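First up is the structure itself, then whatever we jot down about it.
The values are calculated or read from the model by the stated rules, or taken from the named source; none is laboratory data. A quick note: this is a predicted structure, and the numbers were derived from the prediction, not measured. So basically every Cβ, Gly included, is an ideal-geometry build from the backbone, and we count neighbours across all protein chains shown. Heavy atoms of the whole protein, side chains included, go into the accessibility calculation; ligands, DNA and RNA do not. Shrake-Rupley method; radii C 1.70, N 1.55, O 1.52, S 1.80 Å.
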Amino acid sequence: MAEYDLTPGMAPNLDRHLVFPLLEFLQERQLYDDDLILKAKIDLLNNTNMVDYAMDIHKSLYHTEDVPADMVERRAEVVARLKSLEEGAAPLVAFLQNAAAVQELRADKQYNLQMLNDRYQIGPAQIEALYQYAKFQFECGNYSGAADYLYQYRALCTNSERSLSALWGKLAAEILMQNWDIALEELNRLKEIIDSKSFSSPLNQVQSRIWLMHWSLFIFFNHDNGRTQIIDLFNQDKYLNAIQTSAPHLLRYLATAFIVNKRRRPQFKDFIKVIQQEQHSYKDPITEFLACVYVNYDFDGAQKKMRECEEVILNDPFLGKRVEESNFSTVPLRDEFLENARLFIFETYCRIHQRIDMGVLAEKLNLNYEEAERWIVNLIRSSKLDAKIDSQTGTVIMEPNHPNVYEQLIDHTKALNGRTYKLVSQLLEHAQAQVAR
């Protein structure tokens, strides 16, 4: 299933350090030749300071204990540069490690800068040295140290562009350390800046949103509440437009989130329209499954796509996360996906048929007859569907359910307030942009 691997399209939108977890996953799943993955890792490491790691991979790739002379020279350069940066940042690092001294800092950055200069002879050069030291630590793979120093740097930095760069670095470090709660906070902080910042070009703002969405996948598919929050982010008009314009492959993750999310959302119908519109630019078994069920009503096709979806999930670095239980591992998202996919087929099939043969339904759900009967009984009980099973004829009988005209009116108008608010916000933004020009 390497044909559905999105890594080549994802990597340009990620920091090179964030690509390593994807390559590790692909290597574990053996989607590609092992030597190909090792060469990709070395290519990534060439522009980092993780020389020891590069040496280890070189030894594994070429089955030797010898390493090229340029790697040895590079290592010496990295050690010397690290020592130099450490000395340059030493005065500010010593201050930050002094708990009593840190108590003197206030929320006012200008006061802090003046106080540091007057009392500790720490000026802009030392603050810049802290940034360079933190950045170098990150490139060496010391993500914990980098995150701490970047946090401290942002508290002192008055340059908005440099502060934004430090925030991106801290977000990457928290992701790589798998600190999902902190990473989510940094993600939301970064989103707020991207949405409110005045960019030199609208394309730069769109690109920042695309980067943010790619980076967010690490968080959303590991955080407890991530599958709800990915819908909140990706389904916003500005972000959905960015996906449709420049990164349609992200539709896989939004589609998956909609399928496994327990709460049905009013935006789901609109999302199906997006899937239909974007079929020419991107499709995979997951998006095609939704098209089969909700656009084409092709239940045989949906059944086939459901089997392919399982393979896509197992081989996707974000969706195929394994959980070790006792002596075996499971992929929780796969199980949730298949359960909800069957529910989607069942609900849609029932809406267009009044009497359904149990054997036919079992086939479309990829279950045997007994499993299908048990599954449907539990579903009817839990969802309070207006249906019954005729055991003698082996059929499911659906009672007609005609929606009340008042309920239809409420459904069509309940989103009106939100749409009006969005329209007014867009008009105000446009007006402010015109004034700024």
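Things worth noting here:
- Span from the segment 300-316 Cα centroid across to the segment 267-283 one, whole angstrom: 18
- Loop-resident sites, segment 179-224, for trypsin sites (Lys or Arg not before Pro), counting at most 16 other Cβ within 10 Å (DSSP): 197
- Relative compactness, segment 144-236, computed as alpha-carbon Rg over 2.2 N^0.38 Å: 1.07
- Extension gain for residue 236 to residue 125 (0.36 nm times residue separation, less C-alpha to C-alpha distance): 35.8 nm.
- Solvent exposure of residue 62, expressed as accessible area, is near 130 Å², computed with a probe of 1.4 Å over the protein chains only.
- Translational diffusion coefficient (Stokes-Einstein; Kirkwood radius from C-alpha pairs) of segment 289-397 at 25 °C, 0.890 mPa s, in µm²/s: 164
- Segment 168-244 versus segment 53-77: alpha-carbon centroid distance in Å: 36
- Apportionment of accessible area to carbon and sulfur, the chain, percent (1.4 Å): 49
- Cα point-scatterer Debye curve for the chain, base-10 log of I(q)/I(0) at q = 0.09, 0.13 Å⁻¹: -0.75, -1.25
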